[in-house]
1. Being among the aliphatic types (A, V, I, L, M), open to solvent by 90 Å² or more (accessible area, probe 1.4 Å), at pLDDT 80 or above and farther than 19 Å from LEU127 by Cα narrows it down to one residue among ILE70, ILE109; which is it?
2. I want to confirm something. Restricting to the range 48-67 and keeping residues that are aromatic (Phe, Trp, Tyr) and open to solvent by 80 Å² or more (accessible area, probe 1.4 Å), which single residue is farthest from LEU31 (Cα to Cα)?
3. So how many residues does the range 25-35 have that are under 14 Å from ILE70 (Cα atoms) and surrounded by fewer than 23 Cβ atoms within 10 Å (Cβ to Cβ)?
4. Return the pair list, or none, for Cβ contacts closer than 7 Å from residues in the range 99-113 that are closer than 15 Å to ALA13 by Cα to residues that are aromatic (Phe, Trp, Tyr) and modelled with pLDDT of 85 or more, at least 6 apart or on different chains.
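The values are calculated or read from the model by the stated rules, or taken from the named source; none is laboratory data. Only a predicted model underlies this, so the values are computations on that prediction, with no experimental measurement involved. Don't worry about glycine lacking a Cβ; one is built from the backbone with ideal geometry, like all the others, and counts go over all protein chains shown. We work out accessible area using only protein heavy atoms, side chains counted, and drop any ligands, DNA or RNA first. Shrake-Rupley method; radii C 1.70, N 1.55, O 1.52, S 1.80 Å.
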Amino acid sequence: MNMVTVTTRRSAALSYFSLFTSVGTLLCCALPSLLVLLGLGASVASMLSSVPWLVKLSQHKQWTFSVSGILIALSFANMYYIAPRFRSDECNADDPSACADASRLSKTILWGSAVIYAIGFFVAYVLGPILTRLDRG
């Protein structure tokens, strides 16, 4: 297996892990808070009764966001700094656009993960203090 294939697989794995952890932060911490904010507390109660592991995940919110943020940062470093150093101009002769398509898909997944993480971080950590300050005002 050549170095380009290993780097491509590693990059894809990091992108997918980043996506899943950012979705996890959204499900455990941001979505319930947002639903309660919108007056849908009964929906949150039914969601937590049908998916009880979300309670344990949200109890460890700091770890969840930390691991997710580190994975997303590693994915960005890999995508824009490490992987271009090992990428060669050679591609499969049968489908020369496959390398560009795979790279475009990985970048889309990575940026989608970053957006989901940012939304989750905002709702879990920033929105509450803002609303508390506005309520006092």
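1. Being among the aliphatic types (A, V, I, L, M), open to solvent by 90 Å² or more (accessible area, probe 1.4 Å), at pLDDT 80 or above and farther than 19 Å from LEU127 by Cα holds for just one of ILE70, ILE109, which is ILE70.
2. It comes out as TRP63.
3. Selection size over the range 25-35: 0.
4. Once the first residue is closer than 15 Å to ALA13 by Cα and sits in the range 99-113, its partners that are aromatic (Phe, Trp, Tyr) and modelled with pLDDT of 85 or more give LEU110/PHE76.
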